[in-house]
Amino acid sequence: MELLRLSIGALLAGLLWLQTAGAADGLQKELPKSVDLRPELDRFSLAPRQQGSRPTCSVFTVVGAIEFAVAKRQGADKTA
């Protein structure tokens, strides 16, 4: 579970960073050493899921990143 959260967090941190920095400018900056995206995930009602004993962490990571991108693009946050 913690590995899944870290994987999703790392992927989403990279996506957020590229989105805010811009692809051309962003490649010259360093990524932050750590990012806590729990408030962002909570804002869009995206809770981590249990993968159980299945070896599907990369699937959960990709699906979580897609869900986050779609929710953000559609403006589906709870504060709006």
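What follows is calculated from the coordinates using simple rules that are stated; it is not laboratory data. Because the structure is a prediction, the values reported are computed rather than measured. Backbone-built Cβ (ideal geometry, glycine too); neighbour counts: all protein chains shown.
Observations, loosely collected:
- Residues of the range 60-80 classified as in contact with a helix residue (DSSP H, G or I) (Cβ under 9 Å, 6 or more places away or on another chain), over 15 Å from residue 37 (Cα atoms) and either touching a residue at least 60 places away in the same chain (Cβ under 8 Å) or of a type in the set (D, E, K, R) (or both), total: 1
- Scanning the range 44-69 for residues that are touching a Phe, Trp or Tyr at 6+ places or on another chain (Cβ under 9 Å) and not in a loop (DSSP other than H, G, I, E, B), we see that the one that is farthest from residue 10 (Cα to Cα) is 67.
- Members of the range 26-43 found to be assigned to a helix (DSSP H, G or I) and farther than 14 Å from residue 10 by Cα, listed by number: 26, 39, 42, 43
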